[in-house]
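Below: the structure, in structure tokens.
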Amino acid sequence: MAKHSKRYLALKQKVDRTKAYPPKEAIELVKEMANAKFDETVEVHMRMGVDPRHADQQVRGVVALPNGTGRTVRILVFANPEGQALAREAGADYVGAEDLAEQIMKGWTDFDVVLATPDMMRVVGRLGKVLGPRGLMPSPKTGTIVPAEDLPRVIDELRRGRVEFRVDKTANIHVPIGKSSFPAEKLLQNLGALMEAVLAAKPATLKGNYIQRITLTSTMSPGVKADLGATMALKADAA
């Protein structure tokens, strides 16, 4: 059993474990508890009512958070020479083709997002064993297989706060929605945008409750249970 610090245990006393907090109140409590020596990330954790073992119950998508994540994203792009020029001009961190594939095969993974033009999937395809387990494999579902002419737009969206969400093997979704230094209103707007996107990704074949529990937390603090109905009703302009 994991041992928690005195700080964590003290913060835990601030949370009423029997209460489902209204979304804004939950965010304010998370912000109050985020008192580490760095700007903690605020995260949303959702317990889903899907069975991820079934292909027709996968939940996956992307959302552009209106206020960004507060995080610097390292973007890698696989493209042909024309696409490489566009990607460099748009500010991608790493641009190439076979040369990048060779580095990745040798174990290099110092990047956060991988984009690829369709013609480059012949190169990227053999990296599945490296990129797949890290959730970095380009896919049409997450908008990371991109025509060369669309690379500047997608790179700009990633810089401004586009994030991916996907259900994991334990039927949970984990998504960052900003930093603890963000005003509560901006975190609430980001949460609203995420909820709209997750609800839109509901599998058509699913029966029963889609989302079972929503918890908000920061990097170093206890979780705060959010009121399910009120949180699911949020919109991107929640504040």
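What follows draws every value from the coordinates through simple rules; no lab data is involved. Remember, predicted model here, so these are calculated numbers, not experimental data. We place every Cβ from the backbone using ideal geometry, glycine too, and count neighbours over all the protein chains shown.
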Can you compute the charge dipole magnitude of the chain about its Cα centre, using +1 on each Lys and Arg Cβ and -1 on each Asp and Glu Cβ, nothing else charged? Give it in debye, rounded to the nearest 20.
1220 debye
Quick check: the angle from helix 151-160's long axis to the longest principal axis of the chain, C-alpha only, nearest 10 degrees?
20 degrees
Options (1) 8, 32, 37, 20, 4, 0; (2) 8, 37, 40, 14, 1; (3) 7, 29, 31, 23, 9, 1 are given for P(r) over Cα pairs in 10 Å bins from 0, in percent, and the computed one is (3)
Which net charge results when you count Lys and Arg as +1 and Asp and Glu as -1 among the other residues whose beta-carbon is under 12 Å from that of Val130?
+3
Compute the Cα gyration tensor for segment 161-216, then decide on rounded, prolate or oblate, letting a ≥ b ≥ c be the square roots of its eigenvalues: rounded whenever a/c is under 1.5, prolate when a/b is larger than b/c in the other cases, and oblate in all that remain.
prolate
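Which order do peptides 29-35, 4-10 fall in by mean Cβ count within 10 Å, highest first?
Going from most to least packed, we get 29-35, 4-10.
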Using only Cα atoms and rounding to the nearest 10 degrees, what angle (0 to 90) does helix 81-90 make with the longest principal axis of the chain?
40 degrees
Just list whichever of Lys186/Lys235; Lys31/Lys235; Lys202/Lys225; Lys24/Lys202 have alpha carbons separated by over 19 Å in the model shown.
Lys31/Lys235; Lys202/Lys225; Lys24/Lys202
In segment 1-107, with Lys and Arg counted as +1 and Asp and Glu as -1 at Cβ, which of these residues, Tyr21, Pro66, Val44, has the Cα nearest the positive end of the dipole, that is, farthest along it?
Tyr21
Would you grab the residues whose amide H sits under 5 Å from the one on Arg213? Only those 5+ places off in sequence or on another chain, please, with H modelled 1.01 Å from N.
Arg47
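Taking every eigenvalue of the Cα gyration tensor of segment 187-239, multiplying by 5 and rooting it, what semi-axes result, largest first, whole Å?
Equivalent ellipsoid of segment 187-239: 21, 15, 9 Å, largest first.
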Measure nothing fancy, just the Cα-based angle from helix 184-200's long axis to the longest principal axis of the chain, in degrees from 0 to 90, nearest 10.
70 degrees
